[in-house]
Amino acid sequence: MSVGALRLLTGILIAGYSGGAVSAQDALTVVRRDGVAIYYQIELVDDPGSRTRGLMWRESLPRRTGMYFDFGRPQRVRMWMHNTLIPLDMLFVSEPGVLVDIKRNTSPGSLRLVGPSQAVRYVLEINGGEASEFDFTIGDRFILSQRRDPVHAK
């Protein structure tokens, strides 16, 4: 196989691998404590494989988009940045949808485990710096507006 063909195949495999993390497109509203609503387009991931892949290999993330991890029930969650190419803010959300912790500008590629001191059900990963830009704080409320097809409906 030629070097060019090998590079093309590698690119296709990486693109397919990173794209596999998407299980559904949904809208998420973050209602800040001052009542201001910030809207996000999110990829909802709720299976182990998709949660493991997360945002690995992505070279960019459009503004006001993110990945919303649903762990199914409250639990101690630890996240890392293995094979993640861009800095992210990680917002840790309790089962009733209340922001309980924020890890800002996590370092790309870091193997350091980060997470809150309490159990959470959800984690929102967004571009590094957006949590500060939109003034997200502990106590903000998260409202998921699912637009899933019937096959994925819960």
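The values are calculated or read from the model by the stated rules, or taken from the named source; none is laboratory data. All values reported here derive from a predicted model rather than from experimental measurement. With ideal geometry, Cβ positions are generated from the backbone for all residues, glycine too; neighbour counts draw on all protein chains shown.
Data table
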read-out	value
Residue check for Arg64: at positive phi and charged (D, E, K, R)	yes
Matching residues, segment 31-67, being surrounded by fewer than 16 Cβ atoms within 10 Å (Cβ to Cβ), within 11 Å of Asn127 (Cβ to Cβ) and of a type in the set (D, E, K, R)	Arg63
Restricting segment 130-154 to residues that are among the hydrophobic types (A, V, I, L, M, F, W, C) and either assigned to a strand (DSSP E or B) or at pLDDT 95 or above (or both), the residue that is farthest from Val77 (Cα to Cα)	Phe134
Those residues of segment 80-97 which are among the hydroxyl-bearing types (Ser, Thr, Tyr) and modelled with pLDDT of 95 or more, in sequence order	Ser94
Residues (farther than 20 Å from Leu44 by Cβ, acidic (Asp, Glu) and touching a residue at least 60 places away in the same chain (Cβ under 8 Å)) located in segment 92-140	Asp135
Residue match in segment 79-91 (condition: touching a residue at least 40 places away in the same chain (Cβ under 8 Å), farther than 18 Å from Ser145 by Cβ and over 14 Å from the mean Cα position of the chain (by Cα))	no
Test: Asn127 is out of contact with any strand residue (DSSP E or B) (no Cβ under 6 Å at 6 or more places or on another chain), of a type outside the set (A, V, I, L, M), modelled with pLDDT of 95 or more and crowded, with 17+ Cβ neighbours inside 10 Å	yes
Residue match in segment 58-72 (condition: part of a helix (DSSP H, G or I) and either modelled with pLDDT of 95 or more or more than 24 Å from Gly139 (Cβ to Cβ) (or both))	no
